[in-house]
Every structure is written in structure tokens, then in C-alpha cells.
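Trainee: Would you mind keeping the following structure in view while I ask a few things?
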Amino acid sequence: MKDGYLIVVDDGTSIEAIPDDAGCLNFDVDNIAFSIGSNQISITGPTSSVRSIAAKQIVEPTDSTITTKAIETAQGKNCITCEGKRYCAKNGCIKTPCGWLCG
């Protein structure tokens, strides 16, 4: 188990986010950018699209659970398109509806 966050966006999609060992993570869900550092979260984009953010203990992904299909690299981040949304991760991992994405 690792310290992380559970983020829920406006359509009810839940994203589990695990920062790297330094406590940093940058990720995007469509046009909303999240930046985690020093136990603080900043959001860029339509913040009204974020329903909730909560600290949570999360089971870390293993190599066998990390999504490898259709990963693209964009601006130093790994990205996938899943269920009509674009997800990107850098410096950590996020669990999308299509599986874990790490960057």
C-alpha cells in the first residue's frame, strides 16, 4: 500500500493517483491538469469538473497491471485515450478506467 489520492471528475470517473517516491506527480484528464507536490494538489483547467479529491492508501501497480496498449509519449508524459477521455501521467502512476498508466 502506498499513499495516494482518489480523484472523482464530473462524470463520476474515478482516478487513483500515486506520486513518485519524491511525492510528485503530474497528470491530465482531458483538459484538466493536476500537479501534486509536497502534499499539495494544484488544478489547472475547469475546476468545477472535479467532484472530489481524497487522500487514500492505494495498492501499487505491478508490471503485469500496467497498461501498455496504445501508449503515446507527449511532452515527456505517457498518454492513453480511454472511454473517450485522454489521460497522461508523468512522475507517477494513475489508474484509469482502462488500467494503470505510469509515466
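Trainee: Just checking the chain: which Cys have no other cysteine's beta-carbon under 4.7 Å?
Mentor: When partners are defined as cysteine Cβ atoms under 4.7 Å apart, the chain leaves 24 without one.
Trainee: Of the lysine pairs in the chain, how many meet both conditions: Cα atoms under 23 Å apart, and a spacing of 8 or more in sequence or different chains?
Mentor: 14
Trainee: Along the charge dipole of region 45-103, pointing to its positive end and built from +1/-1 on Cβ of Lys, Arg, Asp and Glu, which listed residue (55, 98, 78) has its Cα farthest out?
Mentor: 55
Trainee: Give, as a single signed number, the net charge of other residues whose beta carbon lies under 15 Å from the beta carbon of residue 101, with Lys and Arg counted +1 and Asp and Glu -1.
Mentor: -2
Trainee: Going through region 2-103, which GluC sites (Glu not before Pro) have at most 12 other Cβ atoms within 10 Å and a DSSP loop state?
Mentor: Loop-located and lightly packed - 83.
Trainee: Sticking with this one: Any idea how far the Cα center of region 83-97 sits from the one of region 6-23, in Å?
Mentor: If we compute the Cα centre of each part, the gap is 9 Å.
Trainee: Which order do peptides 73-82, 35-44 fall in by mean Cβ count within 10 Å, highest first?
Mentor: Sorting 73-82, 35-44 by mean packing, highest first, produces 73-82, 35-44.
Trainee: Sequence gap at least 6, Cα distance under 8 Å: using those rules, report the relative contact order of the chain to the nearest whole percent.
Mentor: Answer for the chain is 32 percent.
Trainee: Can you tell me how the chain classifies by the Cα gyration tensor, rounded, prolate or oblate, using a/c under 1.5 as the rounded cut?
Mentor: Judged from the Cα gyration tensor, the chain comes out rounded (a/c under 1.5).
Read the figures in this text as sums done on the coordinates, not as results from a lab. Just so you know, these numbers come straight off a predicted model, no measurement behind them. For neighbour counting, all protein chains shown are included, and Cβ atoms are generated from backbone atoms with ideal geometry for every residue, glycine included.
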